[in-house]
Amino acid sequence: MSISGKNFMLFAAVAAVLCVIAAVQSVAVAVTIVNLCLVSAVMSLGLNIQWGYAGLPNLGVMGFAALGGLAVVLVSAPGVPAAIAAGGPGIIASFVVVVVTVAAVVGIRRLTSLSRATRVAAVIAVLALGYLILGRYFGPAKNLIEAIDPSATGYLGGLGLPVLLSWPVGALFAAAAAWLVGKIALGLRGDYLAIASLGISEIIIAVLKNEDWLSRGVKNVVGLPRPLPDELGLAGTSWLQSLAIQFGISPPDAAALVVKLGYSALFMLVLAFLLLLSEKALHSPWGRMIYAVRDNEIAASAMGKNVKNLHLIVFVIGAAVIGLAGAMLVTLDGQFTPGTYQPLRFTFLIWVMVIVGGSGNNWGAVLGALIIWTCWIEADPIGTWLIQHSIGWLPVGNAMRDQLTANASQMRLIVMGVILLVTLRFKPGGLIPERH
Amino acid sequence: MAFLAGTEMTGGYGAIDILRSCSISAEKGQVTVIVGPNGAGKSTAMKALFGMLPVRSGSVQLDGEDITALTPQRRVEKGMSFVPQVLNVFPSMTVLENLEMGGYLRKDDIRGTIEEVLELFPALQPKRRQLAGELSGGQRQQVAVGRAMMTRPKVLMLDEPTAGVSPIVMDELFDRIIEVARTGIAVLMVEQNAKPALEIADVGYVLVQGENKFTDTGSALLANDEVRMTFLGG
Amino acid sequence: MQDYANAFVLLLNYVVVPATTYGCQLALGALGVSLIFSVLRFSNFAHGELMSFGTMITLLVTWWLQAHGLTIQPLATALLALPAGVLVTVLLSLATDRFVYRYYRIKRSDPIVLLIVSIGVMLVMSGLVRFIIGTDDRTLDDGVRFVISAKQFRDLTGLQEGLAIRATQIITIALAAVSVGLLFWFLRHTKTGKAMRAFADNEDLAGLSGISAQRVVTITWVVAATLATLAGVLYGLDKSFRPFVYQQLVLPIFAAAIVGGFGNPVGAIVGGFIVAFSEVALTYSFKRFFSYVLPADWLPDGLYQLISTDYKYAVSFVILVVVLIVRPSGFLNTRSS
């Protein structure tokens, strides 16, 4: 858990940049960036476990993050009694049908005494039957639930439990999904695993966007409970007002800032805990075994290591961390918006973080997250500023001028791509390469 | 000076030299065979001659010209041809297409050469439109040799052409190789099946640990007691 | 009899014609991905962006032509601009190869490294496209809309159901057929095409036969970029051009390429149609179809539509995942690689 001087300087440099942002833009902007940096750092730690430790190219980060977000809704949102009364039994029945169907399919596939053709026919028959029965229960239940006050609820709601409880649940959701994905896809060659996981994450998002009874879909779930006191109440307290006077800012601004800093502290705690665990795990015999398997799968399996099992464990752990980060993000936002999950932001950006920071090194993954998130946010105003100043000579109202100004924010995609390509080419190990 | 001559070649992969001052030469119209125990550097010697392994010292000359610095592709242009031990055909292409690819560098009409190759390997005649990947092991080796013949090479090099084929197929393949040599081509091959290979060899090299151990005519090596006892299993 | 004719026309109009058109577009994209995979040996995630880029250039040239009154009515002006789009896209992909991919090819990097590199290229290209043309939805088609409209068809045949065939659909199918025909002729009958197949089959032996890797790679990029531009422009003519949509097209395209066996050109085409037909047919409500072909009292009371239209897009991902799990080498692959 030590960190060398050079690496410390790298972190210090990021901190310095954030201070500049605080001075030039505002403290609030800087703290907002810090909070998202911290969430991103947790996410990239998760991906680093999968890709960095074990060489598993998971392009489905987005899906696991979204499942973590769903956990926040299901755990902390208030339940909708009318919807549960109307559609609850139907949903439970559907769930039972799905479980029974899957169990039957798995059972049939294990009946090796039957011929292959018989098994395939039986599987298809069971699936068709399951689908028909499911249709009887699920369709009506879904419609009943979605009919209950659709503009405000129209979904089952959650358990109304404390929101912090949803973080481990989010990790659990993602882990469960990863176990399923890993079971079926981990045997695939590297690039097939990448494509499959990207496809699966898109399926997860499609479900979250369209199953309104579960997640309200693109209608979003807003006003989720928060782990910290709300700004309005805080602004009324006397200690905050005196604090605000001391710093010469208005009480509402001060309250907002304090809440933001509260999130920072919370996230920092989680990140430190995970970093400690990851470092411990990585330098244990288990961690060395993971590296050995990654670097020479054939030799490792010859030595009697169960490579597939090991990969599954690593994949599930990594996904759990990503799910946790997804839950943290939704908690921070206070809303769950399935429509905003895009692979660019939730998968590829996290990849840039891990590669730039240093695949296989926990500190690297964290550093990468800090740098890349800051760049991602700041590329927009800086790009716009640059464009505006470099095309100042064009007359106002010129079509090209308008066009360039309007699209300046797209520069950040180019910046991210170039950073990724330059790193891969000239510093393939990242800023803090892995140590052996 | 022999037609193809590798003189005192030294080299290997990384820091370890597999070849140590090894000299191999091949003459037009003759079959030259390199034998030796496993790990003796037989295939490495072949690769050094073909430019697939850079030599640290020593030289390779073809028809009096120094070709030590040339890439394999340039050596193909100079009239050398190589049949690798494995992965030596284009499996998803037909026999004819394999032969055409062999003659890729030629600017003139290659149809005559294709017919000549098919005459040399009559078994391929009915299979010309079949995919090489679907042929039997022996026929695939014939396609591999045929592909290498398409450049009308002056030197034909074969890396263990009979690995993994049955004795009958091996005899058949050796007959063809002798026929090739009789047309005036210098044939150089590495062989694991030392005895039958030396039987057809005009010249044989026995390599041990990357060094020349014995060099003689094939029949003389077969008659040599020490060679027989040590390398041919009595 | 009349009922069966109506049912048939209904299916043609809502399933067969749109799915065939979409299938052609996917097949062209999948062919490009498949060629890159078999020759350069990596999954090119930037292919969707290459399509996007080619379409954007074509669109820009189209605007220029329109501004100068150069059109080819009744055909879409974009067809006149297409060669320019192809040319610029080819140049861009050759530049990417020279400055990005070549380094890793010479180093013989792992395919997964190249895949990540292609993600970098994807980011740059998508930024470039969005920077130049923005993220709005744009129309490419300015030609005559219908070859035959539903009303004309009904008047002509006296059927209740109409069959509308849009000009862009005919153009898509015709251009796809011609270009695929040309590609296969090139791969099967020209020396260069055969050298490409040989290189894909056995890179080292191709080298021993004097086939230049650089030349093969260059030609592969030229062909792939041409196909990408064509696929992008045809998709844009048929629907519209929107960078966000094009970026997402990469998954159905990968699905198509993998279903038929990655690296197999025939498979890429078959895969394109499998994906397109599944997407359209699984999310189409067959209610009206059954009302024509079945007696009224036989009609079931639900289940006319297998999957909700919301999941139209997810169908291709499901196909992709199922194929990868059940048979990763694809359904048409004869090679054991």
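Looking at the structure I just gave you, is C:R145 modelled with pLDDT under 95 and open to solvent by 40 Å² or more (accessible area, probe 1.4 Å)? Yes.
Results for (1) aliphatic (A, V, I, L, M); (2) away from chain B (no Cβ under 14 Å); (3) assigned to a helix (DSSP H, G or I), shown as yes or no for each residue.
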residue: C:R197; (1), (2), (3): no, no, yes
residue: C:A200; (1), (2), (3): yes, no, yes
residue: C:G210; (1), (2), (3): no, no, no
residue: C:R215; (1), (2), (3): no, no, yes
residue: C:A228; (1), (2), (3): yes, yes, yes
residue: C:A231; (1), (2), (3): yes, yes, yes
residue: C:G236; (1), (2), (3): no, yes, yes
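Residue pairs whose Cβ atoms lie under 6 Å apart, sitting 6 or more positions apart in sequence or on different chains, and linking a residue in the range A:244-263 that is more than 22 Å from A:G334 (Cα to Cα) to a partner that is open to solvent by 30 Å² or more (accessible area, probe 1.4 Å) and of a type outside the set (S, T, N, Q), are A:A244/A:P251. Is one or more of the residues making up the range A:222-236 of a type in the set (K, R), away from chain C (no Cβ under 14 Å) and under 21 Å from the mean Cα position of the chain (by Cα)? Within the range A:222-236 (the criterion being of a type in the set (K, R), away from chain C (no Cβ under 14 Å) and under 21 Å from the mean Cα position of the chain (by Cα)), the answer is yes, since at least one residue qualifies.
Counting only helices (runs of 4 or more DSSP H) wholly contained in the range A:1-85, the ones carrying 2 or more residues that are more than 26 Å from the chain's Cα centre (by Cα) and closer than 29 Å to A:G262 by Cβ occupy A:5-24.
Is it true that A:V80 is over 23 Å from A:G217 (Cα atoms) and either open to solvent by 10 Å² or more (accessible area, probe 1.4 Å) or without any contact (Cβ under 8 Å) to a residue 12 or more places away in the chain (or both)? No: the conditions fail for A:V80. Among the residues of the range C:241-259, the one identified as farther than 20 Å from C:L320 by Cβ and in contact with a Leu (Cβ under 7 Å, 6 or more places away or on another chain) is C:F241.
Just one residue in the set B:K154, B:K127 is away from every other protein chain (no Cβ under 11 Å), touching a residue at least 40 places away in the same chain (Cβ under 8 Å) and open to solvent by 40 Å² or more (accessible area, probe 1.4 Å); that residue is B:K154.
For the range A:199-214, a residue qualifies if it is more than 7 Å from every other protein chain (Cβ to nearest Cβ) and either outside any helix (DSSP H, G or I) or more than 21 Å from A:L74 (Cα to Cα) (or both), and exactly one does: A:E211.
Listed by position, the helices (runs of 4 or more DSSP H) enclosed by the range C:41-128 that each have at least 1 residues that are polar (S, T, N, Q) and open to solvent by 50 Å² or more (accessible area, probe 1.4 Å) are C:47-67.
Whether a residue is within 14 Å of another protein chain (Cβ to nearest Cβ) and closer than 30 Å to A:G88 by Cα was assessed, and A:D191 does not pass this test. Just so you know, in the range A:402-436 the residues that are of a type in the set (D, E, K, R), open to solvent by 60 Å² or more (accessible area, probe 1.4 Å) and farther than 22 Å from C:F99 by Cα include one that is farthest from the chain's Cα centre (by Cα), and it is A:D402.
The single residue among B:V95, B:V86, B:V117 that is in contact with a helix residue (DSSP H, G or I) (Cβ under 7 Å, 6 or more places away or on another chain) and farther than 13 Å from B:P153 by Cβ turns out to be B:V95. I'd like to know if the range A:102-125 contains one or more residues that are away from chain C (no Cβ under 14 Å), touching a residue at least 40 places away in the same chain (Cβ under 8 Å) and assigned to a loop (DSSP other than H, G, I, E, B). Scanning the range A:102-125, I find no residue that is away from chain C (no Cβ under 14 Å), touching a residue at least 40 places away in the same chain (Cβ under 8 Å) and assigned to a loop (DSSP other than H, G, I, E, B), so the answer is no.
When the range B:57-82 is filtered for residues that are touching a residue at least 40 places away in the same chain (Cβ under 8 Å), touching a Leu at 6+ places or on another chain (Cβ under 9 Å) and open to solvent by 30 Å² or more (accessible area, probe 1.4 Å), the ones remaining, listed by number, are B:G58, B:Q61, B:D63. Within the range A:379-401, count every residue that is open to solvent by less than 60 Å² (accessible area, probe 1.4 Å) and of a type in the set (A, V, I, L, M, F, W, C). Adding up the residues that qualify gives 4. Of the numbered criteria (1) in contact (Cβ under 8 Å) with a residue 40 or more places away in the chain; (2) open to solvent by 30 Å² or more (accessible area, probe 1.4 Å); (3) not hydrophobic (A, V, I, L, M, F, W, C), the one A:D295 fails is (1).
Scanning the range A:329-358 for residues that are within 14 Å of another protein chain (Cβ to nearest Cβ), farther than 16 Å from A:G60 by Cβ and surrounded by fewer than 24 Cβ atoms within 10 Å (Cβ to Cβ) yields A:G339, A:T340. Would you be able to say whether some residue in the range C:160-180 is of a type outside the set (A, V, I, L, M), assigned to a helix (DSSP H, G or I), open to solvent by 40 Å² or more (accessible area, probe 1.4 Å) and touching a residue at least 24 places away in the same chain (Cβ under 8 Å)? No, because not a single residue in the range C:160-180 is of a type outside the set (A, V, I, L, M), assigned to a helix (DSSP H, G or I), open to solvent by 40 Å² or more (accessible area, probe 1.4 Å) and touching a residue at least 24 places away in the same chain (Cβ under 8 Å). For the range A:83-94, the condition of being open to solvent by less than 60 Å² (accessible area, probe 1.4 Å), touching a strand residue (DSSP E or B) at 6+ places or on another chain (Cβ under 7 Å) and in contact (Cβ under 8 Å) with a residue 40 or more places away in the chain holds for at least one residue. Of the residues in the range B:41-54, at least one is away from every other protein chain (no Cβ under 12 Å), open to solvent by 10 Å² or more (accessible area, probe 1.4 Å) and within 28 Å of C:R215 (Cα to Cα).
Based on this model, can you work out whether A:A171 counts as aliphatic (A, V, I, L, M), crowded, with 20+ Cβ neighbours inside 10 Å and outside the structural domain of A:I92 (by TED's automatic domain parsing)? Judged against the criteria, A:A171 is a match. Being touching a residue at least 24 places away in the same chain (Cβ under 8 Å) and either more than 9 Å from every other protein chain (Cβ to nearest Cβ) or more than 30 Å from A:P229 (Cβ to Cβ) (or both) is a condition met by at least one residue of the range A:390-408.
The values are calculated or read from the model by the stated rules, or taken from the named source; none is laboratory data. Treat the numbers as computed from the prediction; the structure is a model and nothing was measured. Please note: Cβ atoms are built from the backbone with ideal geometry, for glycine as well, and neighbour counts cover all protein chains shown. What goes into the accessible areas is simple: the full protein's heavy atoms, side chains included, and nothing from ligands, DNA or RNA. Shrake-Rupley method; radii C 1.70, N 1.55, O 1.52, S 1.80 Å.
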